[in-house]
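Scroll down for the structure; my scribbles are underneath it.
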Amino acid sequence: MQVSHTTRAVSASFDDSNLVSSAGLVPAMKLAEKAGLRRLADKWLSVPTDKGANAGLKIASLVAGMVAGADAIDDMAVLRHGGMRKLFAHLYAPSTLGSFLRAFTFGHVRQLDAIASRFLISLAALSPLIIPEPDDYVFLDVDDTIIEVHGHQKQGASFGYSGVRGLNAILATAKTITGAPIILAQRLRRGACSSPHGATRLIRDALATLRRLPGMTAARILFRADSAFYTFAAIHAALAGGADVSVTARLDSAVRRRIAAIPATGWTPIKYTHAIFDEDTRTWISNAEVAEIPYTAFTSRKKADHISGRLVVRRIPELNKHKLAGQATLFDLHRFHAFFTTSTLDTVTADTTHRAHAAIELVNSDLKSSALAHMPAGVFAANAAWLVLAVIAFNLTRAAAVTAGTGLARARAATIRRKLINIPARIASSARRITLHLPKNWPWETGWTHPFDHAFAPPSPTPT
């Protein structure tokens with residue numbers, strides 16, 4: 001590629017009042033309107049004083065800015081350029097939206113949590129966000145992550161388990177084997193908070209929301225988490241909600257005794273990273289093996305709290321060359337990774353399925369590369385509200401990608417924004433009709449047109 005004109009032949013001027021840079025916000029926010037985002041906020045949010053007036057419009061503005069890529073309150077100015085006022089009404093200044101967020105209390109954040117849940121249910125009814133696979137599990141993944149912040153002005157910021165100053169966010173996502181994850185529930189905690197703190201309530205809320213999604217009433221659900229959530233409260237909450245569990249077990253003395261009881265013939269080689277299939281023996285030559293053994297968890301508690309299941313163990317040969325140098329051993333040494341499960345999956349499938357829990361890290365990364373790149377306020381409740389709004393924007397962006405139907409359903413949010421949201425368009429008005437003129441030969445024209453047609457389609461007739 002080469003610039004086609006000389007320096008003297010090129011100039012620039014910011015003077016076009018009929019041009020917008022994010023034409024994809026039109027179908028996205030129309031979809032949000034059809035799902036009732038503004039109506040839900042007006043009904044359930046009760047932020048006091050004039051700062052809380054027109055809550056639905058302000059919530060929609062904040063979500064729209066995040067869908068367009070805003071990661072700070074000042075970035076909400078992206079909604080107030082060119083011809084945006086011809087496409088949208090009530091475009092608030094960033095300072096107004098910042099004052100609105102800073103007026104939040106913990107109770108208002110919980111109201112916003114309820115709005116996010118109800119909005120997701122309505123959104124899933126309009127677009128196939130998650131479709132259960134026949135006879136397969138729907139996965140409920142829970143994990144926490146540290147959002148790094150700087151300075152001492154952020155309420156709740158402190159050094160947590162990662163050694164990074166920040167705030168701790170815990171997320172619950174749902175996904176199928178073939179689908180992309182959506183976020184069911186979220187909480188913002190102080191930076192030094194332990195991972196399982198508040199997880200019990202989060203799991204209950206997430207399961208309640210998941211069951212209310214279209215087609216999920218009778219779905220098989222598998223709760224997956226790492227060892228931080230290997231607690232009676234978290235596992236009992238998942239089981240009480242009708243889910244099976246698959247949670248990494250801490251290698252305490254009870255778990256080590258059960259691992260030692262696995263017979264030598266009970267180990268099965270698995271297809272693992274860099275495994276090689278031997279055609280002569282028809283087996284996988286791999287450095288990993290798995291086995292299972294019955295196990296009852298939490299036997300230190302009263303008998304009614306005991307939970308029966310299986311302990312699935314993966315063992316890997318000890319490869320620490322420095323540790324073994326010059327010290328021959330009488331038998332092979334292994335490192336063990338165990339998880340407790342109540343699922344009906346076979347041993348190898350259960351191991352593969354549990355390791356896929358790492359997909360939630362992609363959601364954490366996706367949020368941190370967009371709306372959660374910063375925690376924009378010094379007030380903790382404002383940042384907690386910002387997290388909920390980021391989740392709403394994430395799910396709305398995912399719904400737009402699913403509706404596009406051009407291979408973007410599993411794409412990252414940044415990719416979806418680049419192809420469907422942040423598209424320049426020129427506005428033309430004629431006979432009270434607005435026409436958006438978008439770039440000719442846009443590679444993802446079909447993907448953009450699908451959500452536009454879907455969002456502006458007339459409502460389906462109500463059966464009588």
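Tabulated results
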| read-out | value |
| --- | --- |
| Cα-derived Rg over Rh, computed across the stretch 195-238 with Rh taken as Kirkwood radius | 1.00 |
| Quarter of the Cα convex hull surface for the stretch 367-464, i.e. its orientation-mean projected area (nm²) | 10.2 nm² |
| Pairs of Cα atoms farther than 16 Å apart, the stretch 208-307, % | 70 percent |
| Cα convex hull of the stretch 346-408, projected area averaged across orientations, nm² | 6.2 nm² |
| Highest average packing first - 448-457, 138-147, Cβ atoms within 10 Å | 138-147, 448-457 |
| Neighbourhood charge, 14 Å Cβ-Cβ cut-off, centred on Arg410 and excluding it, Lys, Arg +1 and Asp, Glu -1 | +3 |
| Square roots of five times the Cα gyration tensor eigenvalues for the stretch 42-97, Å | 20, 12, 10 |
| Alpha carbon convex hull of the stretch 99-194, volume per residue in cubic angstrom | 136 Å³ |
| Rounded to 10°, Cα long-axis angle of helix 445-455 versus longest principal axis of the chain | 80 degrees |
| Links that overshoot a 29 Å alpha carbon limit, given the list Lys368/Lys419; Lys86/Lys175; Lys51/Lys154 | Lys86/Lys175 |
| Table column - 3J(HN,Hα) (Hz), the stretch 113-128, Karplus curve with 6.51, -1.76, 1.60, x for Gly and Pro | 4, 5, 5, 4, 5, 5, 5, 4, 4, 5, 5, 5, 6, 9, 9, x |
| Top positive-direction residue, dipole computed over the chain with Cβ charges, set Cys193, Gln155, Leu239 | Gln155 |
| Charge tally in the Cβ shell below 12 Å around Thr397, where Lys, Arg are +1 and Asp, Glu are -1, Thr397 excluded | +4 |
| Rg/Rh ratio calculated on Cα atoms of the stretch 1-85 (Kirkwood radius) | 1.16 |
| Accessible area of the stretch 1-105 divided out per residue, in Å², using a probe of 1.4 angstrom | 53 Å² |
| Built amide H within the under 5 Å cut-off of Ala192, gap 5+ | Ser158 |
| Degrees separating the helix 25-34 axis from the principal Cα axis of the chain, which is the longest one | 70 degrees |
| Only Lys, Arg (+1) and Asp, Glu (-1) charged, at Cβ; the stretch 45-176 dipole about Cα centre in debye | 820 debye |
| Scattering profile of the chain at q = 0.09, 0.11 Å⁻¹ [log10 I(q)/I(0), Debye over alpha-carbon scatterers] | -0.70, -0.96 |
| For Ala288, distant residues with modelled amide H under 5 Å away | Ile270 |
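The values are calculated or read from the model by the stated rules, or taken from the named source; none is laboratory data. The structure presented is a predicted model; accordingly, all values stated were derived computationally and were not measured. Every residue, glycine as well, gets a Cβ built from its backbone with ideal geometry; the counts of neighbours run over all protein chains shown. With ligands, DNA and RNA removed, areas are computed over all heavy atoms of the protein, side chains included. Shrake-Rupley method; radii C 1.70, N 1.55, O 1.52, S 1.80 Å.
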